[in-house]
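Beneath this line is the structure, given in structure tokens, with notes to follow.
The values are calculated or read from the model by the stated rules, or taken from the named source; none is laboratory data. Just so you know, these numbers come straight off a predicted model, no measurement behind them. When we count neighbours, we look across all protein chains shown, and the Cβ atoms used for this are built from the backbone with ideal geometry, even at glycine.
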Amino acid sequence: MDVPEVKPIGLTAEETDLCQQMEADFSRGNLYSGKAARSLLKALQSRGAIPQARIRDFTEPFPGGRGKSHRDVFESNGCRGDAITEHPHFVSYLRYFMNGPALPVDTIEGFRKIIIDDSGTSNMVMDQLCKFVRAETRKLKLDRDVAREEFWRLAQEVGYEHAATIRDAAASAA
């Protein structure tokens, strides 16, 4: 099975400046304008830099979302178009678009290795992945919600078809 690499995207000099502006703007709290985030997203989109799995994470329904995507949640709260990208809660999604799952490289590569090695039946591989995810969640002392989200994203990004099972395994480790 071809298992895609999971790594941050390379930013151009202009995008790096916009990212730094976004972070500085975000750190000001109530004074957040979101203009740098909007410009950064548009720059990344214009060159097709964001992996499709990361875009789908935002635009397609997610577990626990009652059939809604993250974008749908913004829209149901009255945020549309550029207002979404300028909202302070969008910063975490933009960070994910740039950096991928918020997990250590060793954890990401360990997960990928299990899929690449493909030792045994599909149920055996799933058992290995679930055991690995629970162990990593405990080792990294991840909050249950963070673990569920980040391992879900990782499974989606590498194309693992049972991502919901991985999400559940992360949640059960707490």
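Within segment 62-83, the set of residues being at pLDDT 90 or above and under 14 Å from residue 153 (Cα atoms) comprises 69, 70.
Rundown of residues vs (1) free of Cβ contacts under 8 Å to residues at least 60 places away in the same chain; (2) surrounded by fewer than 11 Cβ atoms within 10 Å (Cβ to Cβ); (3) not assigned by TED's automatic domain parsing to the domain that holds residue 110, yes/no style:
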| site | (1), (2), (3) |
| --- | --- |
| 18 | yes, no, yes |
| 21 | yes, no, yes |
| 26 | no, no, yes |
| 29 | yes, yes, yes |
| 36 | yes, no, yes |
| 41 | yes, no, yes |
| 45 | yes, no, yes |
| 48 | yes, yes, yes |
| 52 | yes, yes, yes |
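Does residue 166 satisfy the condition of being touching a Cys at 6+ places or on another chain (Cβ under 8 Å) and either acidic (Asp, Glu) or at pLDDT 95 or above (or both)? Judged against the criteria, residue 166 is a match. Kindly provide the set of residues from segment 34-70 that are part of a helix (DSSP H, G or I) and of a type in the set (Gly, Ala, Ser), ordered by number. Once the filter is applied, which keeps residues that are part of a helix (DSSP H, G or I) and of a type in the set (Gly, Ala, Ser), segment 34-70 yields 36, 37, 39, 43, 46, 53.
Tell me, which residue of segment 1-16 that is of a type in the set (D, E, K, R) and assigned to a helix (DSSP H, G or I) is surrounded by the most Cβ atoms within 10 Å (Cβ to Cβ)? That would be 15. Here segment 105-129 is the region considered, the condition is being among the small types (Gly, Ala, Ser) and assigned to a helix (DSSP H, G or I), and the residue that is farthest from residue 157 (Cα to Cα) is 122.
Residues that are more than 19 Å from residue 153 (Cβ to Cβ) and of a type in the set (A, V, I, L, M) were ranked within segment 28-61; the one that is modelled with the lowest pLDDT is 31.
Inside segment 71-104, can you point out the residues that are assigned to a helix (DSSP H, G or I) and in contact (Cβ under 8 Å) with a residue 24 or more places away in the chain? Of everything in segment 71-104, those that are assigned to a helix (DSSP H, G or I) and in contact (Cβ under 8 Å) with a residue 24 or more places away in the chain turn out to be 82, 85, 88, 90, 91, 93, 94, 96, 97, 98, 99.
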